[in-house]
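A short worksheet on the structure shown next.
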Amino acid sequence: MGAKRGSGSLMVVGGQWGDEGKGKIVDLLSAGFSAVVRYNGGHNAGHTVRVGEKHFALHLVPSGIIHSDVSCFMGAGMVIDPTALKTELDLLAEKGVEIAGRLCLSPRAALLLPTHRALDLAREGMRGEEKIGTTGRGIGPAYQDSAQRRGLRTGLLVDPDALAIKSRTLMDQHNQELEAVYGAPAVDLDEAVAELQSAAVHLAPFLREIGPEIRNYSDSQEAVLFEGAQGVLLDLIWGTYPFVTSSSCLPGSAAASCGVGPRHLGPVVGVMKAYATRVGSGPFPTEDHGNDGDLLRDLGAEYGTTTGRPRRCGWFDVVAARYAVETAGIDAIALTKLDVLDGLSTLKVALAYETEDGEVLDTFPADAETLASVRPIYVDLPPWAGGTRGLVQESDLPPAAEGYLQFLEEKIGVPIAVVSTGPRRAETMVRGTSEMTVVLGKILNRP
Ligand code: GDP
Ligand code: IMO
Ligand code: MG
């Protein structure tokens, strides 16, 4: 692989409730990196990358994979469904992406079993109205087994016999729970074991400890890009608990996931949409239940990459954005989907919340119940008539669109250094004069 030097490592994290456009931004930035590392989550993630007329939906594989000279790593903090990974690799191969020699999977990542999927669905069914609205992929149960120290790890994929014995034992326990606690049908273990063994043969060659390689890149001044899945507001601890995912989405967790010290990490780019969306249940103060929400969903094609569910839509929330910036140490924002706001007749931004007692809050409550009860306090901003779709120069932005960006960055407190104006790579601008604008401009080769 050709070494790409000089720009240092960088982190990309979701700054809202996921689906901010991380896939597009990571793919774009990957051109400037030797290696891209995905550090959390599983195939609950859906990262869309459009290159020309080709469309890639990545779930487990890092979004750097489309660049043939980039090595891709999957960290120990991930949960891996072997069948889902095998299917994803097959789809990439069909689209002409060469994987051999470029992908490395940590043997320490947690193994997600077919019974984890069944447990996820059964538990959600049992919760009824209280359901989290998970992706139904088995993510929570797989992380739970890992934390409970009875889970299996991807390293087991090299030994089909041990895989069969150990997975059957654990899945048998899962089946007992499915039947006794949830009254759900047991999973056919012969089929499940066969499914695991079949995927294992294909995945075993990718297993390698990733820490030493990441340290090597970093020590020899080669740039590494760390890719977070989901977003700060879905983080297990810092998100809107319990309506969160089961992994740590914050950039600091990348060090633990890769087995490297924090000095190997870099500045943090937080990807945020120019408005807000959320899939699944949980508080979402700026959700618009009326025409504006429907309009944003239509214009932004807001349907989940992983599950196809319609996303809940609403206005940009400065309180939540500032919280994400502070919690994740975001140094600059890549704002996506500005073009979706083209031609709207109303443009609102939430600057604070009002509680049921009439108290005004400008900080993000730690407790989901409080967050669910607040009313956003909006400011109306001037919409713009002209289009931003496909623009690549800041100077071409309609003045009201530039005004919107300046308003947001002033209220949030960090620069918006990148603006995305369409799903394709080229539909992006580097803007402003911040330090991060210079760093990202160099990576993207845009002076
Ligand atoms: P991720 O999970 O953060 O990678 O985001 P998703 O891929 O789930 O969802 C983002 C969606 O928005 C995808 O369909 C992207 O192709 C699309 N997208 C990304 N950036 C832009 C943009 O600037 N404008 C428009 N119109 N679409 C975008
Ligand atoms: P990317 O990486 C948006 C949400 C689910 C649900 C909650 C818990 O594409 O941004 P889980 O299946 O993880 O137990 O579900 O988290 N969720 C996401 N929402 N984007 C994602 O990933 C998500 N991954 C999980 O909808 O509310
Ligand atoms: Mg997504």
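The values are calculated or read from the model by the stated rules, or taken from the named source; none is laboratory data. Predicted, not measured: the structure shown is a model, and the values here were computed from it. When we count neighbours, we look across all protein chains shown, and the Cβ atoms used for this are built from the backbone with ideal geometry, even at glycine. Accessible surface areas use protein heavy atoms only, side chains included; no ligands, DNA or RNA. Shrake-Rupley method; radii C 1.70, N 1.55, O 1.52, S 1.80 Å.
Taken as a whole, the structure leaves residue 150 outside the set of residues that are part of a loop (DSSP other than H, G, I, E, B), of a type in the set (D, E, K, R) and touching a residue at least 40 places away in the same chain (Cβ under 8 Å). Each residue in the range 303-344 was checked for being modelled with pLDDT under 95 and away from ligand 1 (no atom under 14 Å from the Cβ), and 0 of them qualify. Of all the listed residues (305, 346, 286, 355), the sole one being within 14 Å of ligand 2 (Cβ to nearest atom) and of a type outside the set (Asp, Glu) is 305. Of the listed requirements (1) open to solvent by less than 30 Å² (accessible area, probe 1.4 Å); (2) within 16 Å of ligand 3 (Cβ to nearest atom); (3) on the phi < 0 side of the Ramachandran plot, residue 41 misses just one: (3).
Yes/no matrix, rows are residues, columns are (1) within 19 Å of the chain's Cα centre (by Cα); (2) more than 14 Å from ligand 2 (Cβ to nearest atom):
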{"residue": "63", "(1), (2)": "yes, no"}
{"residue": "73", "(1), (2)": "yes, yes"}
{"residue": "95", "(1), (2)": "no, yes"}
{"residue": "99", "(1), (2)": "no, yes"}
{"residue": "136", "(1), (2)": "yes, no"}
{"residue": "150", "(1), (2)": "no, yes"}
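I'd like to check something: does the range 162-182 contain any residue that is buried (at least 21 other Cβ atoms within 10 Å of the Cβ), in contact (Cβ under 8 Å) with a residue 40 or more places away in the chain and closer than 26 Å to residue 73 by Cα? Yes: the range 162-182 contains one or more residues that are buried (at least 21 other Cβ atoms within 10 Å of the Cβ), in contact (Cβ under 8 Å) with a residue 40 or more places away in the chain and closer than 26 Å to residue 73 by Cα. Please indicate, with yes or no, whether at least one residue in the range 278-285 is open to solvent by 30 Å² or more (accessible area, probe 1.4 Å) and within 16 Å of ligand 1 (Cβ to nearest atom). Checking the range 278-285: at least one residue is open to solvent by 30 Å² or more (accessible area, probe 1.4 Å) and within 16 Å of ligand 1 (Cβ to nearest atom). Kindly establish whether residue 245 is outside any helix (DSSP H, G or I) and either more than 16 Å from ligand 3 (Cβ to nearest atom) or not hydroxyl-bearing (Ser, Thr, Tyr) (or both). Against the criterion (outside any helix (DSSP H, G or I) and either more than 16 Å from ligand 3 (Cβ to nearest atom) or not hydroxyl-bearing (Ser, Thr, Tyr) (or both)), residue 245 does not qualify.
Being in a loop (DSSP other than H, G, I, E, B), within 16 Å of ligand 2 (Cβ to nearest atom) and over 17 Å from residue 298 (Cβ atoms) is a condition met by at least one residue of the range 327-342.
Scanning the range 87-132 for residues that are β-branched (Val, Ile, Thr) and more than 15 Å from residue 62 (Cβ to Cβ) gives 87, 115, 132. Here is a check on your reading of the model: is residue 268 within 16 Å of ligand 1 (Cβ to nearest atom) and at pLDDT 95 or above? Yes, satisfied. If you scan the range 6-19, which residues turn out to be more than 8 Å from ligand 3 (Cβ to nearest atom) and at pLDDT 95 or above? 10, 11, 12, 13, 14, 15, 16, 17, listed by residue number.
Looking across the range 334-372, just one residue is of a type in the set (Gly, Ala, Ser), over 19 Å from residue 314 (Cα atoms) and open to solvent by 50 Å² or more (accessible area, probe 1.4 Å), and that is 366. When residue 446 is tested against (1) within 16 Å of ligand 2 (Cβ to nearest atom); (2) within 25 Å of residue 25 (Cβ to Cβ), just one condition goes unmet, and that condition is (1). Against the test of being crowded, with 18+ Cβ neighbours inside 10 Å and under 20 Å from residue 199 (Cβ atoms), the options 26, 61, 13, 70 yield a single qualifying residue, 61. When the range 202-221 is filtered for residues that are over 25 Å from the mean Cα position of the chain (by Cα) and open to solvent by 80 Å² or more (accessible area, probe 1.4 Å), the ones remaining, listed by number, are 202, 205, 216, 219, 221. Would you mind stating whether residue 298 is at pLDDT 95 or above, in the same structural domain as residue 401 (by TED's automatic domain parsing) and either surrounded by 24 or more Cβ atoms within 10 Å (Cβ to Cβ) or within 16 Å of ligand 1 (Cβ to nearest atom) (or both)? It is true that residue 298 is at pLDDT 95 or above, in the same structural domain as residue 401 (by TED's automatic domain parsing) and either surrounded by 24 or more Cβ atoms within 10 Å (Cβ to Cβ) or within 16 Å of ligand 1 (Cβ to nearest atom) (or both).
Among the residues of the range 373-410, those that are charged (D, E, K, R) and either surrounded by fewer than 17 Cβ atoms within 10 Å (Cβ to Cβ) or in a strand (DSSP E or B) (or both) comprise 375, 380, 389, 394, 396, 410. Candidates are the residues of the range 73-103 that are part of a loop (DSSP other than H, G, I, E, B) and not aliphatic (A, V, I, L, M); the one that is most open to solvent (accessible area, probe 1.4 Å) is 98. With respect to residue 256, determine if the residue is open to solvent by less than 10 Å² (accessible area, probe 1.4 Å) and more than 16 Å from ligand 1 (Cβ to nearest atom). In short, no.
Consider the range 412-447 and keep the residues that are at pLDDT 95 or above, touching a Gly at 6+ places or on another chain (Cβ under 6 Å) and open to solvent by 10 Å² or more (accessible area, probe 1.4 Å). The one that is nearest to residue 317 (Cα to Cα) is 415.
The listed residues are 88, 20, 53, and the only one of them that is within 16 Å of ligand 1 (Cβ to nearest atom), without any contact (Cβ under 8 Å) to a residue 12 or more places away in the chain and outside the structural domain of residue 138 (by TED's automatic domain parsing) turns out to be 53.
Yes/no matrix, rows are residues, columns are (1) within 20 Å of residue 243 (Cα to Cα); (2) within 15 Å of ligand 3 (Cβ to nearest atom):
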position	(1), (2)
287	yes, no
293	no, no
306	yes, yes
345	no, no
353	yes, no
